[in-house]
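This report concerns only the one structure given below.
The values are calculated or read from the model by the stated rules, or taken from the named source; none is laboratory data. This is a predicted model, so every value here is computed, not measured. Every residue, glycine as well, gets a Cβ built from its backbone with ideal geometry; the counts of neighbours run over all protein chains shown.
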Amino acid sequence: MKKKTGPRWKASTRAIHVGEEKFRRSAPVAPPIVRSSTFTFSSTAEMKRWAEGRSAAYIYTRYGNPTLTIAEEKIAALEGAPAAIVTASGMAAISSALLAVVRSGEEILATRQLYGGTYRLFRDIFPRLGIRVQYVENDLAGVERLVSPQTRVLYIETPTNPTLRLVNLRQAARLARRFRLFSIVDNTFASPILQNPLALGLDAVVHSATKFLGGHSDLIAGAVAGPEAFIERVRQMVIYLGGSADPGAAFLLIRGLKTLEARVRQQCQTALAVARYLARHPRVARVHYPGLPSHPDHRLARRQMRGFGSMLAFDLKGGLPAARRFCDRVRVFLLAASLGGVESLAVLPIYSSHYRMSRAELHAAGVSPGTVRLSIGLEDPADLIADLEQALS
Ligand code: PLP
């Protein structure tokens, strides 16, 4: 069959252009991966309009890309936010979101129990930029005392990594309004299926989209959702600092988002069964899961979340040696960092998310050396429980 080609195109021109016209003619069901670093202008007049800030055309993928836009619109819709941006990683989302609001000489007020990477960013990098971070506990007591004229942001994470403690989102929103702070929540552990902080009065959310949003342990990405003017400032920060998402990762993220709710619902159910099993086990000293009535934040979780999530942690009676023995014996659970994927994972926070933290810092973060964190995937609950049984025996 004769292909439509430019009449005098040379082989290299044909190789670059032929075959792609169909994407402009028919409508694919799955979104295209627009794997192009750059985009054509129709004329120098359009180029000029863009340079003057009068055109929203795509020009270069670090600034924006149609595949990224699809992911951004979906995440904004899931969070009930006016706008969203996807980024290269959760840490790119967190750093760009904060640097969009805080400058040298200003302060962040944060809850102390944070993902280790966020805590290390606050400890090791922000002070070098002249940004001071002060901490409050998860109950937000002492905000009044610590807030200063330089404080710009209230930054919280709920549920926390790895001990699954909760911060009261409504209370955080009230305090932020009272002291005119911009409030940002890391919503990674809950996902937008289980809570929408913006609906409770918070200003913005950040995500490690690597986790539940992607859902298959095959991409690294992040997201920020919030008011349009703020997201535009975050976009500028992403453009400057280079934390833009890759269209291939965005395609996987889009695919993951389509099954997010079904996965999260199933994973919550399995996690509750696993938590109940562990809570009855004689070798387990303590289970950290907000769905258990024994959890200190169970009542708040009932009010604030639409499900208890699929992350849980537990302490073994034998401390670190027992925790290591358990982790070395699991077979269905994989011994790996990260979370929120279809595979169940087990990890020791002191050797992963909370590495390079002193005893005092671990204590403040609520992490004991023998804490094991589990991320519950989509395997059959009976197989997961049988694996726990053999690993604990
Ligand atoms: N926030 C939370 C709660 C996390 O657990 C993680 C990673 O584990 C991050 C942020 C950082 O995300 P990323 O690894 O995608 O940069």
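How many residues does segment 44-57 contain that are modelled with pLDDT of 95 or more and among the hydroxyl-bearing types (Ser, Thr, Tyr)?
1
How many of the residues in segment 327-341 are more than 16 Å from the ligand (Cβ to nearest atom) and either out of contact with any strand residue (DSSP E or B) (no Cβ under 6 Å at 6 or more places or on another chain) or acidic (Asp, Glu) (or both)? Step through it out loud before you land on a result.
Start the filter on segment 327-341 by keeping residues that are more than 16 Å from the ligand (Cβ to nearest atom), which leaves 327-333.
This time we only want the ones that are either out of contact with any strand residue (DSSP E or B) (no Cβ under 6 Å at 6 or more places or on another chain) or acidic (Asp, Glu) (or both), so: 328-329, 331-332.
Within segment 327-341, residues that are more than 16 Å from the ligand (Cβ to nearest atom) and either out of contact with any strand residue (DSSP E or B) (no Cβ under 6 Å at 6 or more places or on another chain) or acidic (Asp, Glu) (or both) number 4.
With (1) part of a helix (DSSP H, G or I); (2) of a type outside the set (Asp, Glu); (3) closer than 21 Å to Ala337 by Cβ as the list, and Leu219 as the residue in question, which single condition is left unmet?
Leu219 satisfies all of (1) part of a helix (DSSP H, G or I); (2) of a type outside the set (Asp, Glu); (3) closer than 21 Å to Ala337 by Cβ except (1).
Those residues that are away from the ligand (no atom under 14 Å from the Cβ) and either touching a helix residue (DSSP H, G or I) at 6+ places or on another chain (Cβ under 8 Å) or more than 28 Å from Arg152 (Cα to Cα) (or both), I need them from segment 193-203; list them, please.
Ile193, Asn196, Leu198, Leu200, Gly201, Leu202, Asp203
Could you check segment 264-322 and list, in sequence order, the residues that are closer than 13 Å to Thr371 by Cβ and buried (at least 19 other Cβ atoms within 10 Å of the Cβ)?
Across segment 264-322, the qualifying residues are Leu278, Val284, Val287, His288, Tyr289, Met311, Leu312, Ala313, Phe314, Asp315, Leu316.
Identify all residues within segment 310-326 that are small (Gly, Ala, Ser) and within 16 Å of the ligand (Cβ to nearest atom); write none if there are none.
Ser310, Ala313
What number of residues within segment 130-172 satisfy the criterion of being assigned to a strand (DSSP E or B), over 20 Å from Gly116 (Cβ atoms) and of a type in the set (Lys, Arg)?
Matching residues across segment 130-172 total 1.
Among the candidates Val101, Val143, which residue alone is buried (at least 17 other Cβ atoms within 10 Å of the Cβ), more than 20 Å from the chain's Cα centre (by Cα) and closer than 21 Å to Ala176 by Cβ? Talk me through it step by step, then tell me what you get.
Working: Val101 fails: more than 20 Å from the chain's Cα centre (by Cα).
Answer to the check: Val143.
For segment 342-361, which residues satisfy the criterion of being within 16 Å of the ligand (Cβ to nearest atom), closer than 24 Å to Arg123 by Cα and at pLDDT 85 or above?
Within segment 342-361, Val347, Leu348, Pro349, Ile350, Tyr351 meet the criteria.
Out of all the residues in segment 63-100, which are away from the ligand (no atom under 16 Å from the Cβ) and within 24 Å of Ile131 (Cβ to Cβ)?
Answer for segment 63-100, where residues must be away from the ligand (no atom under 16 Å from the Cβ) and within 24 Å of Ile131 (Cβ to Cβ): just Ala100.
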